[in-house]
1. So, in the stretch 47-61, exactly how many residues are open to solvent by less than 40 Å² (accessible area, probe 1.4 Å) and more than 10 Å from ligand 2 (Cβ to nearest atom)?
2. Could you check the stretch 5-46 and list, in sequence order, the residues that are open to solvent by less than 20 Å² (accessible area, probe 1.4 Å) and charged (D, E, K, R)?
3. Any idea which of (1) open to solvent by less than 40 Å² (accessible area, probe 1.4 Å); (2) assigned to a helix (DSSP H, G or I) is the one Lys94 doesn't satisfy?
4. List pairs: first in the stretch 30-53 and in contact (Cβ under 8 Å) with a residue 12 or more places away in the chain, second assigned to a strand (DSSP E or B) and open to solvent by 10 Å² or more (accessible area, probe 1.4 Å), Cβ under 8 Å, 6+ apart or cross-chain?
5. Checking the condition in contact (Cβ under 8 Å) with a residue 40 or more places away in the chain, open to solvent by less than 20 Å² (accessible area, probe 1.4 Å) and within 12 Å of Ala39 (Cα to Cα), which residue from Leu111, Leu117 passes?
6. Condition first: more than 17 Å from Ala17 (Cα to Cα) and either β-branched (Val, Ile, Thr) or near ligand 1 (Cβ under 7 Å from one of its atoms) (or both). Now tell me which residues in the stretch 42-53 satisfy that.
7. For Lys52, indicate whether it is modelled with pLDDT of 80 or more and assigned to a loop (DSSP other than H, G, I, E, B).
Amino acid sequence: MNTIKLNYHKTHFLTSAPDIRHLPEDTGIEIAFAGRSNAGKSTALNALTNQKSLARTSKTPGRTQLINLFEVEPNCKLVDLPGYGYAAVPEQMKLQWQKALGEYLQVRECLRGVVILMDIRHPLKDLDQQMIEWAVSSKLPVLLLLTKADKLSQSARSKTVKMVREAILPFQGDIQVEAYSAQNKIGIDKLSAKLDSWFAENFTAQSEEN
Ligand SMILES: Nc1nc2c(ncn2[C@@H]2O[C@H](COP(=O)(O)OP(=O)(O)OP(=O)(O)O)[C@@H](O)[C@H]2O)c(=O)[nH]1
Ligand SMILES: [Mg+2]
């Protein structure tokens, strides 16, 4: 297999879209970061790219309302999606966003992998399971990151990782589970290796198509 190693530190902001219908052209390779509001998506991106404020983070859940696209290299994009399940958002809006997310996973051709982030202290909520199901049914590989791993002791962390690895078996998808902490730099190597492998696989596939 083709191996590549991208320099994520070079990632820069590309554009924002107010919703999924306004995303830029469906070309290149895209990898999305999804998760409940406050799960740590933006922080994970900042840790990966070693930039303090590439993606905006906040203590207030629901901060990221736009879909933000970042470019690692030409044709290699990372997408910071607004979080789902934010309690203060009206029910109708939450349902709309859920629906839009499901559609995005199903129809976006250039989307080739999904990083789903969950707070290690609250893994596999209903909406997380729904996201996993959508990704698997769209044949997308998934990296499940259990974020804020610094909040748990080493033994509690390992126990949760093991529990989640077992719990996701029934989904029968291509799903890897890892602990992650932006604060203690846990799992960043696993994240970049996975992104590298997804970008590489799809580079090969796309150059064979052309
Ligand atoms: N201790 C600790 N806190 C973290 C970590 N990652 C994120 N946080 C905190 O969790 C909160 C939410 O982080 P964000 O990155 O803004 O979360 P998000 O998933 O992008 O949230 P939305 O954009 O609202 O969907 C912030 O207060 C972060 O500082 C981590 O690895 N360790
Ligand atoms: Mg965010």
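1. The qualifying residues number 4.
2. Of everything in the stretch 5-46, those that are open to solvent by less than 20 Å² (accessible area, probe 1.4 Å) and charged (D, E, K, R) turn out to be Glu30, Lys41.
3. Only one criterion is unmet by Lys94, namely (1).
4. Glu30/Lys77; Glu30/Arg112; Ile31/Lys77; Ile31/Arg112; Arg36/Asp119; Asn38/Asp119; Ala39/Asp119; Gly40/Asp119
5. Values: Leu111 fails: within 12 Å of Ala39 (Cα to Cα).
Just one listed residue meets the conditions, Leu117.
6. Thr43, Ala44, Thr49
7. yes
The values are calculated or read from the model by the stated rules, or taken from the named source; none is laboratory data. Everything numeric in this text was worked out from a predicted model, so none of it was measured. Please note: Cβ atoms are built from the backbone with ideal geometry, for glycine as well, and neighbour counts cover all protein chains shown. These area figures cover heavy atoms from the full protein model, side chains too; ligands, DNA and RNA do not enter into them. Shrake-Rupley method; radii C 1.70, N 1.55, O 1.52, S 1.80 Å.
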